[in-house]
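Only one structure is covered here, and it is reproduced in the block below.
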Amino acid sequence: MRALLAALVLLTVTAGPAHAHAGGLTPQDHLSRVTGIAPPLPGVTAAMVNHGSQLEVRNGGDVPVTVGGGDRAADHVIGPGETYRFRDERTTASQWEVPLDRSVIEGRVDVTPGPNPLWWLLITVALAAGGYLLGRRRALLAAGVVVVTAAHAWHAVGSALAVTGGSFVPLLLGASGVGLVAWPLSAVAAVAAVRRRPATAFVAAVVGAMLVVAGIPDFDSFRFSQLPFAGPADLDRLLVALTLGGGLGLAAGGFDYLRRTGPTT
Amino acid sequence: MTPGREAEVDEPAGSLTTSRRPRADYRTDLVTVLLGTWFSIGLFLDAWAHSNVPELESFFTPWHAVFYSGFAATGAWILWVLWRNHQQGLRGLDAVPVGYGPAVVALPLFAAAGVGDYLWHTFIGIEQGIDILFSPTHLVLITSMVLILTAPLRTLWSDRGVVSPSLKRFLPAGLALSFTTSLVLLFAGYADATVFTGEQVIRAFSFEKGANGIGRAAELAASVVVTNLIMIVPLLLAVRRFRLPFGAATLLAFVVMLLSTAVADYENISTAIGFIVSGVLIDVLVLKLRPSEDRVKEYRIFAGAASFATWAVFFATAIIDQGTTPSVTEMWTGAPVMAALHAVLMAVVLVPTARR
């Protein structure tokens, strides 16, 4: 059991990258926004997408429009009915303009301070303690695994939905990481609990450890204001806290259950 | 007991060796290597993405997800094996099967290197060229991955009762050996001859004699040396320990080519077919020569003949594929001889004299 504990603890504390927000988008305190097109062009709209990293121009008008200009190597012509999405360094300035035909797209970068991460860390610790207490009973462990896994899956889906211009499935795959293994194992834990198998606690501990590994890169969600998540930022922070804290609690609680119950043979 | 009969005898699950540590049974090793296959394919998909997907901006890609989920699955399985042994009353190191110790150490090492790789990609950037092969975090990842993947090989190697395994019995160890060879070759990608297309082979060894510009001739010549050593040394080690079953060399060639074609974006198919043909020829050599530590002469002949055949077929495949020979005859006729000499040298180093 000591070898198992050592491997499990090392896996948990050293963690590993497997999950965060999809599409390479990261939490931050600043967000670039389009404020308008001056003067307006009939049918043409513009918006910052992908967490303010790309400018998207939709041409719903009847004539082509040219976007770019300035020091860009080449302008791009957007035909009627087309959408063009691109990165432009100019959109990182506090007040910015990008030429669009005879008009300009105007925008600004808003900076919002992030929350105090201490509160979210305390919530995470509280959830870890709660997860550990679930180790008193096999059924509670399985229920905890399902809840924590659901939180992790929700976070992955929400972050994939926040990306514009990519296919959902590859984005979700990228965001899920070890979830590809942890999610099915969560179902295994539930089935094992229903059948009263001693493996329940072992699977719960492994899934918990995996989800901590999965959640480590998401610590940034606690300290930045703007999160690439399709939903309220605080909901995402709660999901991250559940993944990290709940996962840690389940790993500890599951192992404690194994230690207390001992070998079955 | 004849060697052939020994091949059919598997150790029962959880059987004890002279210490209290159990030896993993066949099915355990097979599951380990199949999960290792998932793990390895993830790495090669990631390598393909690094080489072929422009503007790879994110650490969180589907390819990384396959790679890291493969690691998670393999790690969970190895922990399950430890837990199962614990349930049977084994404690501490006694719960770790023979040969699995390095894998247990490598699991957290890999996870730690994964964190390091995430931080490296975040703060220093994502490698898309030769730098990918020299990134310190990648080198720790690959080392720990090799330690994890080779567990089934160590299981079989440590079982002195197995001398002449059947192909089925050898499969977990053979796949472990093949993936390890593939990983080592992947990290020598700057000198990997398997990714050359037939057209590139012909062009590399076609140059004006005496001219300063020899183009890719030096690159291909160096690649033949490096690739030859990476592919022949595992075979030379394996035939020292086992009387390899027919198909073992073909399996190694097939796995290495399956993965090298992915890295080459499937443009080196004719070259890959040539290596698989060479694998069959090497299997015939193993069958006929029966090389081993005790048969040093045959061992050295095997080393030279296997490498010569591999590179003769390599150039023959390119010539057939392109319908022409390279213009510098010395290069394509000399390269297989050079490879054979290097292999014989390796054989001499590995088995300096017959066991008395």
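The values are calculated or read from the model by the stated rules, or taken from the named source; none is laboratory data. Worth saying up front: this structure is predicted, and the values here are computed from it rather than measured. Virtual Cβ from ideal backbone geometry, glycine too; neighbours counted across all protein chains shown.
Values as computed for the structure displayed
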| read-out | value |
| --- | --- |
| Selected residue [assigned to a helix (DSSP H, G or I) and either more than 12 Å from every other protein chain (Cβ to nearest Cβ) or surrounded by 20 or more Cβ atoms within 10 Å (Cβ to Cβ) (or both)] from A:Gly215, A:Gly165 | A:Gly215 |
| Search result, residues across segment A:195-208 that are modelled with pLDDT of 90 or more and small (Gly, Ala, Ser) | A:Ala201, A:Ala204, A:Ala205, A:Gly208 |
| Segment B:67-82 - residue that is under 16 Å from B:Pro22 (Cα atoms) and within 9 Å of chain A (Cβ to nearest Cβ) and, of those, surrounded by the fewest Cβ atoms within 10 Å (Cβ to Cβ) | B:Trp80 |
| Filter result (touching a helix residue (DSSP H, G or I) at 6+ places or on another chain (Cβ under 6 Å) and either surrounded by fewer than 22 Cβ atoms within 10 Å (Cβ to Cβ) or at pLDDT 95 or above (or both)) within segment A:253-264 | A:Asp256, A:Pro263, A:Thr264 |
| Any pair with Cβ under 8 angstrom, 6 or more apart, that starts in segment B:201-220 at a residue that is in the same structural domain as B:Ile269 (by the TED database) and modelled with pLDDT under 90 and ends at one that is surrounded by fewer than 16 Cβ atoms within 10 Å (Cβ to Cβ) and not in a helix (DSSP H, G or I) | B:Phe207/B:Gly213; B:Phe207/B:Gly215; B:Phe207/B:Ser327 |
| For B:Leu287: the one exception among (1) surrounded by fewer than 20 Cβ atoms within 10 Å (Cβ to Cβ); (2) over 17 Å from B:Leu251 (Cα atoms) | (2) |
| Scan of segment B:128-157 for residues that are outside any helix (DSSP H, G or I) and either at the interface with another protein chain (Cβ under 10 Å from one of its Cβ atoms) or surrounded by fewer than 17 Cβ atoms within 10 Å (Cβ to Cβ) (or both), ordered by number | B:Gln128, B:Gly129, B:Phe134 |
| Members of segment A:169-190 found to be more than 7 Å from chain B (Cβ to nearest Cβ) and hydroxyl-bearing (Ser, Thr, Tyr), listed by number | A:Ser186 |
| Failed item in (1) closer than 23 Å to B:Ile301 by Cα; (2) in contact (Cβ under 8 Å) with a residue 60 or more places away in the chain; (3) hydrophobic (A, V, I, L, M, F, W, C), with B:Ile230 passing the rest | (2) |
| Criterion violated by A:Arg260 - all others in (1) on the phi < 0 side of the Ramachandran plot; (2) charged (D, E, K, R); (3) in contact (Cβ under 8 Å) with a residue 12 or more places away in the chain satisfied | (3) |
| Residue selected from segment B:103-127 under the condition outside any helix (DSSP H, G or I) and β-branched (Val, Ile, Thr), by the criterion nearest to B:Gly75 (Cα to Cα) | B:Ile126 |
| Hits in segment B:83-108 (condition: within 8 Å of another protein chain (Cβ to nearest Cβ) and closer than 23 Å to B:Gly42 by Cβ) | B:Val104, B:Leu107, B:Pro108 |
| Residues (within 16 Å of B:Leu171 (Cα to Cα) and in contact with a Gly (Cβ under 7 Å, 6 or more places away or on another chain)) located in segment B:136-156 | B:Leu149, B:Ala151, B:Arg154, B:Thr155 |
| Residue match in segment B:111-120 (condition: closer than 27 Å to B:Thr261 by Cβ and within 21 Å of the chain's Cα centre (by Cα)) | no |
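Every residue, every condition in (1) modelled with pLDDT under 85; (2) hydrophobic (A, V, I, L, M, F, W, C); (3) surrounded by fewer than 19 Cβ atoms within 10 Å (Cβ to Cβ); (4) assigned to a loop (DSSP other than H, G, I, E, B), yes or no:
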{"position": "A:Pro40", "(1), (2), (3), (4)": "no, no, yes, yes"}
{"position": "A:Thr45", "(1), (2), (3), (4)": "no, no, yes, no"}
{"position": "A:Leu55", "(1), (2), (3), (4)": "no, yes, no, no"}
{"position": "A:Ala73", "(1), (2), (3), (4)": "yes, yes, yes, yes"}
{"position": "A:Arg108", "(1), (2), (3), (4)": "no, no, yes, no"}
{"position": "A:Pro115", "(1), (2), (3), (4)": "no, no, yes, yes"}
{"position": "A:Trp120", "(1), (2), (3), (4)": "no, yes, no, no"}
